[in-house]
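Novice: Structure below; questions to follow.
We did not get these values from a lab; they are worked out from the coordinates using the rules stated. Keep in mind that what you see is a predicted model, and the values were worked out from it rather than measured. Cβ sites come from the backbone with ideal geometry, for glycine too, and all protein chains shown count toward neighbours.
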Amino acid sequence: MMVGNTLEVSNAELHDILQTLLNKYGYDFTDYSLASIKRRILRCMELTRIKSLFDLKYHLVNDADFFAFFLQTITVNVTEMFRDPFFYREMLASVIPVLASYPIIKIWHAGCATGEEVFSLCILLHEQGLLERCRIYATDINPANIDKARKGIIPLSNMKEYTQNYLQSGGKNDFSSYYSARYENAMIRNEFRKNVLFSQHNLVTDHAFNEFHLICCRNVLIYFNRQLQNKVVQLFYESMAPLAYLALGTKESLYFTDTRNKFETINPTAKIFRRKD
């Protein structure tokens, strides 16, 4: 519906679009934050110069290439290497020494976007001599993200900022040794990717698939409503080994979930929790 020169989406119209996505492609966005998903849909329409929800629905149903672009636009792809350096310092102090006691370390990085935070964790584990013992599963709802992450390609222009993040995280080595520069891109070296299995996984509809010692899912739950947050945290709990760790984003919490009493807080600022035995 147009109000003046501005397109607005009612909750009923939004539900119709989300139901179309579910019926046609199996993607369930119905429990995402309404305000967030509305903004992203309107942004997609602006970028593609689609003027009505009728036309948007037509393109979603009939144009697979358009749907791929739509999915890339409405899913969350914001990430960076060593984001929140204090988080990695706390990981190094509290979590990594415990993981070092396991002969095989199983890690799930859920909602990995294009892989920058996965590579950060791999570098951290490498520097502690643990990467060879790790089996890391990195998943995302968006297949385009997974494809990009699997290639390990990052814009070279970002590496100056990422180097500063790395140093603030406590890194002591030459950060440029972890990637090779090729034209305008940086390619993460293969030794920091070979123990990572990148695959598509939908936190809304898919199930637990292993028993992990660490699950990282940072800055994903904030885009879900309370009901879906509760469901996803329960999924994580069921996917964790006893005394395993869960790392969330700095604005996320377990406080309102049904499983909050099944975790102890390791660091309330870094949002690192541990499953109780």
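Novice: Within straight cross-link reach of Lys160, meaning Cα distance under 25 Å, which lysines are found once same-chain residues fewer than 8 apart are removed?
Specialist: Of all the lysines, those that pass the test against Lys160 - Cα under 25 Å, at least 8 places apart if same chain - are Lys148, Lys151, Lys172, Lys194.
Novice: Okay, next question. How much length, in nm to one decimal, is gained on full extension between Leu92 and Glu46, taken as 0.36 nm per residue of separation minus their Cα-Cα distance? Write down the numbers at each step before the final one.
Specialist: Numbers: separation 46, 0.36 × 46 = 16.56 nm, distance 4.31 nm.
Full extension of this stretch gives 12.3 nm more.
Novice: Out of all DSSP beta bridges in the chain, what portion is antiparallel? Express it as a percent rounded to 5.
Specialist: That works out to approximately 45 percent antiparallel.
Novice: Distances over 19 Å make up what percent of all Cα-Cα pairs in the range 2-74?
Specialist: Working: 637 of 2628 pairs.
Tail of the P(r) past 19 Å holds 24 percent of the pairs.
Novice: Charges at C-beta only: +1 for Lys and Arg, -1 for Asp and Glu. How large is the resulting dipole of the chain about its Cα centre, in Debye rounded to 20? Before the final figure, lay out the partial values.
Specialist: On the way: 32 positive and 29 negative charges, 67 e Å.
Computed about the Cα centre, the dipole is about 320 debye.
Novice: Tilt of helix 159-168 relative to the longest C-alpha principal axis of the chain, in degrees (0 to 90, nearest 10)?
Specialist: 50 degrees
Novice: Once you list every other residue whose beta carbon is under 10 Å from the beta carbon of Gln234, what net charge do they have if Lys and Arg are +1 and Asp and Glu are -1?
Specialist: Values: positive: Lys231, Lys262; negative: Glu238, Asp258.
Counting the neighbours of Gln234, the net charge comes to 0.
Novice: Please state the relative contact order of the range 85-275 as a whole percent: Cα pairs under 8 Å, 6+ residues apart?
Specialist: It rounds to 22 percent for the range 85-275.
Novice: If you don't mind, there's one more thing I want to ask. Only counting other Cβ atoms within 10 Å, I'd like Arg189, Arg226, Arg218 sorted with the fewest neighbours first.
Specialist: Values: Arg189 17, Arg226 12, Arg218 23.
Ordered by Cβ neighbours within 10 Å, fewest first: Arg226, Arg189, Arg218.
Novice: Can you sort Arg40, Arg182, Arg133 from fewest to most other Cβ atoms within 10 Å of each residue's own Cβ?
Specialist: Numbers: Arg40 18, Arg182 10, Arg133 15.
With the sparsest Cβ surroundings first, the list reads Arg182, Arg133, Arg40.
Novice: Sticking with this structure for a sec: What is the sum of charges around Ile222, taking Lys and Arg as +1, Asp and Glu as -1, for the other residues whose C-beta is under 13 Å from the C-beta of Ile222? Don't jump to the answer; show the numbers that get you there.
Specialist: Details: positive: Arg218, Arg226, Lys251, Lys271; negative: Glu252.
Neighbour charge sum, excluding Ile222 itself: +3.
Novice: Set the Förster distance to 35 Å, then compute FRET efficiency between Asp147 and Glu8 from the Cβ-Cβ distance, nearest 0.05. Each step should come with its number before you reach the end.
Specialist: Values: r = 34 Å, r/R0 = 0.98.
After rounding, the FRET efficiency stands at 0.55.
Novice: What ranking of Val95, Val118 emerges when the number of other C-beta atoms within 10 Å of each C-beta is taken as an exposure proxy, fewest first?
Specialist: Values: Val95 22, Val118 28.
Ascending Cβ contact count within 10 Å gives the list Val95, Val118.
Novice: Hey, can you grab everything whose amide H is under 5 Å from the amide H of Asn185? Only 5+ residues off in sequence or another chain; H modelled, so Pro and N-termini drop out.
Specialist: Leu156
Novice: Once phi is turned into θ = phi - 60°, what whole-Hz ³J(HN,Hα) does the Karplus curve with 6.51, -1.76 and 1.60 give for every residue of the range 179-191, x standing for Gly and Pro?
Specialist: 8, 10, 8, 9, 6, 9, 10, 10, 10, 4, 4, 4, 5
Novice: So, one more: Quick one: which residues, 5+ away or cross-chain, put their amide H under 5 Å from the amide H of Ile105? H built at 1.01 Å from N.
Specialist: Here Cys134, Arg135 satisfy the definition.
Novice: Round to the nearest 10 and give me the degree value, 0 to 90, for the angle of helix 53-62's Cα axis relative to the longest principal axis of the chain.
Specialist: 60 degrees
Novice: Relative to the longest principal Cα axis of the chain, at what angle does helix 11-25 sit, 0 to 90 degrees, rounded to 10?
Specialist: Approximately 70 degrees, to the nearest 10.
Novice: If you plug each phi of the range 263-269 into the Karplus form 6.51 cos²θ - 1.76 cosθ + 1.60 with θ = phi - 60°, what whole-Hz ³J(HN,Hα) values come out, in order, with x for Gly and Pro?
Specialist: 10, 10, 8, 8, 8, x, 7
Novice: So if we plug the beta-carbon distance of Lys24 and Tyr255 into 1/(1 + (r/R0)^6) with R0 = 35 Å, what FRET efficiency do we get, rounded to 0.05?
Specialist: Working: r = 36 Å, r/R0 = 1.03.
So the FRET efficiency works out to roughly 0.45.
Novice: Follow-up. Let me check I've understood the local charge: for Tyr32, count other residues with C-beta under 13 angstrom from its C-beta, Lys and Arg +1, Asp and Glu -1. What total comes out?
Specialist: On the way: positive: Lys38, Arg39, Arg40, Arg226, Lys231; negative: Asp28, Asp31.
With Lys, Arg at +1 and Asp, Glu at -1, the neighbours total +3.
Novice: Now, a different point. Taking θ = phi - 60°, what integer Hz values does the Karplus form 6.51 cos²θ - 1.76 cosθ + 1.60 yield along the range 117-123, in sequence order, with x for Gly and Pro?
Specialist: 6, 5, 5, 4, 5, 4, 5
Novice: Using helices alone, what [θ] at 222 nm do you get for the chain, with -39,500 (n - 2.57) per DSSP H run of 4 or more residues, divided over all residues and rounded to the nearest 500? Please report the intermediate quantities before stating the final value.
Specialist: On the way: 10 runs with 105 residues, N = 277.
Calculated at 222 nm, the ellipticity per residue is -11500 deg cm²/dmol.
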